[in-house]
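Novice: Have a look at this one.
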Amino acid sequence: MSALGADEVLDFASRVRESFSRQGAMGTLGAELTRIESGTVDICLDWASGLTQQHGFLHAGMVSTALDSACGYAGLTLMPADAAVLTIEFKINLLAPAKGQRFRMEGRVIKPGRTITVSEGKAFAIDQGKEKLIATMSCTLMCVQHREGINN
């Protein structure tokens with residue numbers, strides 16, 4: 001599944017963790033990386049009143065933000081060590097209210113590429129110990145290299 005050449009060796013998990021630690025949005029959400037594998041990233045966060053909409057559900061914007069990051073970081077795991085990733089398009093389907101005590105966002109690479117990578121995401125609400133699919137995302141990512149001010 002990797003878009004990297006066989007001769008390129010990198011510690012993608014460390015790169016993802018370091019980049020994630022600099023992301024203010026994920027810090028604001030209280031999100032954490034819970035899985036990092038080649039082409040795969042999971043991000044989890046707890047319900048917090050400051051992240052909700054008027055009915056007490058996790059706001060769709062928060063779901064979208066965390067899901068976009070999961071998809072983007074999944075893509076970054078397959079990019080060259082000197083590359084950064086930027087989302088150039090996403091579509092989200094909100095399937096059910098985001099009701100739960102905890103949320104898990106999965107990002108999975110569907111088609112890696114040198115310039116464009118396609119990933120998909122799934123968001124799950126964990127309520128009373130039961131997991132429910134609440135959203136899906138289709139995400140298109142761009143590999144950015146040698147551009148001043150943009151790195152992983």
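Novice: Which distance in Å, rounded to a whole number, links the C-alpha centroids of the range 76-139 and the range 25-43?
Specialist: After rounding, the separation between the Cα centres reads 10 Å.
Novice: Let me ask another. Output the relative contact order of the range 83-152, whole-number percent, from Cα pairs under 8 angstrom with separation of 6+ residues. Intermediate values should be presented prior to the final figure.
Specialist: Working: 158 pairs, mean separation 29.9, N = 70.
RCO, the range 83-152: 43 percent.
Novice: Can you send over the carbon and sulfur percentage of the accessible area for the chain, probe radius 1.4 Å, protein chains only?
Specialist: On the way: 4000 of 7800 Å².
Here carbon and sulfur together make up 51 percent of the probe-accessible area.
Novice: For the chain, list the cysteines whose Cβ sits under 4.7 Å from no other cysteine Cβ?
Specialist: Isolated Cys, the chain: Cys44, Cys143.
Novice: Next question. For Gln128 and Thr28, FRET efficiency with R0 = 30 Å and r from the beta-carbon atoms, rounded to 0.05? Provide the component values of the computation, followed by the final result.
Specialist: Details: r = 26 Å, r/R0 = 0.88.
Rounded to the nearest 0.05, the efficiency is 0.70.
Novice: What is the extension gain from Gln54 to Lys111, computed as 0.36 nm multiplied by their sequence separation minus the C-alpha to C-alpha distance, in nm to one decimal?
Specialist: Working: separation 57, 0.36 × 57 = 20.52 nm, distance 3.74 nm.
Going from the current span to full extension adds 16.8 nm.
Novice: With +1 on the Cβ of every Lys and Arg and -1 on the Cβ of every Asp and Glu, and nothing else charged, how large is the dipole of the chain about its Cα centre, in debye rounded to the nearest 20?
Specialist: On the way: 15 positive and 16 negative charges, 89 e Å.
With only Lys, Arg, Asp and Glu charged at Cβ, the dipole is about 420 debye.
Novice: Same structure, new question: How big is the equivalent ellipsoid of the range 112-152 along its three axes, where each semi-axis is √(5λ) from the Cα gyration tensor, reported in whole Å from largest to smallest?
Specialist: Values: eigenvalues 212, 32, 8 Å².
In descending order the semi-axes read 33, 13, 6 Å.
Novice: How large is the translational diffusion coefficient of the chain in µm² per second when you combine the Kirkwood radius over alpha carbon pairs with Stokes-Einstein at 25 °C and 0.890 mPa s? Spell out each step's value before the answer.
Specialist: On the way: Rh = 15.5 Å.
For the chosen part, D equals 159 µm²/s.
Novice: Something else: Once every DSSP H run of n ≥ 4 in the chain is given -39500 (n - 2.57) and the sum is divided by its residues, what mean residue ellipticity at 222 nm do you get, rounded to the nearest 500 deg cm²/dmol?
Specialist: Details: 3 runs with 33 residues, N = 152.
Result for the chain, helices only: -6500 deg cm²/dmol.
Novice: Looking at Val41, Asn93, Val16, which one has the Cα that reaches farthest to the positive end of the dipole of the chain (charges on Cβ: Lys, Arg +1; Asp, Glu -1)?
Specialist: After comparing all options, I get Asn93.
Novice: What span do the alpha-carbon atoms of the range 51-122 cover on each of the three principal axes, reported in whole Å from largest to smallest?
Specialist: Sorted from largest, the Cα extents of the range 51-122 read 43, 19, 17 Å.
The values are calculated or read from the model by the stated rules, or taken from the named source; none is laboratory data. All of these numbers come straight from a predicted model, not from anything done at the bench. As a convention, Cβ positions derive from the backbone with ideal geometry for all residues, glycine included, and neighbour counts pool all protein chains shown. Calculation scope for accessible area: heavy atoms of the full protein, side chains included, ligands and nucleic acids excluded. Shrake-Rupley method; radii C 1.70, N 1.55, O 1.52, S 1.80 Å.
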